[in-house]
1. Would the stretch 142-151 turn up any residue that is modelled with pLDDT under 85, out of contact with any Lys or Arg (no Cβ under 6 Å at 6 or more places or on another chain) and of a type outside the set (A, V, I, L, M)?
2. Only residues that are in a helix (DSSP H, G or I), of a type outside the set (A, V, I, L, M, F, W, C) and without any contact (Cβ under 8 Å) to a residue 24 or more places away in the chain: list them for the stretch 119-153, please.
3. Assess whether residue 71 counts as being under 30 Å from residue 145 (Cα atoms), in contact with a strand residue (DSSP E or B) (Cβ under 9 Å, 6 or more places away or on another chain) and surrounded by fewer than 21 Cβ atoms within 10 Å (Cβ to Cβ).
4. Applying the selection to the stretch 59-75, what residues are among the aromatic types (Phe, Trp, Tyr) and within 14 Å of residue 5 (Cβ to Cβ)?
5. Residues that are farther than 15 Å from residue 18 by Cβ, free of Cβ contacts under 8 Å to residues at least 60 places away in the same chain, in contact with a helix residue (DSSP H, G or I) (Cβ under 6 Å, 6 or more places away or on another chain) and among the polar types (S, T, N, Q): does the stretch 100-108 have at least one?
6. Which of the residues belonging to the stretch 1-45 are closer than 20 Å to residue 136 by Cβ and surrounded by fewer than 16 Cβ atoms within 10 Å (Cβ to Cβ)?
7. For the condition farther than 13 Å from residue 130 by Cα, of a type in the set (Ser, Thr, Tyr) and part of a helix (DSSP H, G or I), what is the one hit in 76, 89?
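The values are calculated or read from the model by the stated rules, or taken from the named source; none is laboratory data. Model, not experiment: these values are computed from the prediction. Here the Cβ positions follow ideal geometry from the backbone for every residue, glycine too, while neighbour counts run over all protein chains shown.
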Amino acid sequence: MIVRGHSFREHVQLLAPLFAFITAAWMLRIVLGFAGAPRWVLHWVSVTLATVVAIFLAVLLIYARRFGSYANVVLSVFLLVVWEQLLISAAVAFAALTRTYNIYSVPEFSPHGTPLHHILGHLTFGIGFATLFGSAVGCALFFLLSRIMSQRP
């Protein structure tokens, strides 16, 4: 699959440090949850927040490296969001299969319902809404970067 002159593999290579960043936030949140960190700390160590930061960084990378255009931004957002939702779903599935709790399955942070509903929610609505919103914000940032940087001498 080629998007604006770049293959899927090239996109993954560009985003590899951002995938690692999201994974680090995911692991840190699990460790802090097991360590009994205060709730306010757990809210700031968020995979969703890490993904938002990763989306902004991806747009900056795409612009700075002249990696492509809006289509590349949308694909990058989609890949980052899918990774985020897969990590969260894996944590919920692990908790359900082992009959244990982790930060993603405790009642304070997990919606009421079965683990399957929670996982399906992340893999459908989570991916869909986050991709739409992230793409809109990412494309707006890409547009602003294009306009601001084209006016510089």
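1. yes
2. Residues of the stretch 119-153 in a helix (DSSP H, G or I): 119-150.
If we keep only those that are of a type outside the set (A, V, I, L, M, F, W, C) as well, we get 121-122, 124, 126, 128, 131, 134-135, 138, 146-147, 150.
Across the stretch 119-153, the qualifying residues are 121, 124, 128, 147, 150.
3. It is true that residue 71 is under 30 Å from residue 145 (Cα atoms), in contact with a strand residue (DSSP E or B) (Cβ under 9 Å, 6 or more places away or on another chain) and surrounded by fewer than 21 Cβ atoms within 10 Å (Cβ to Cβ).
4. Correct list: 67, 70.
5. yes
6. 4
7. Values: 76 fails: farther than 13 Å from residue 130 by Cα.
After applying the criteria, what remains is 89.
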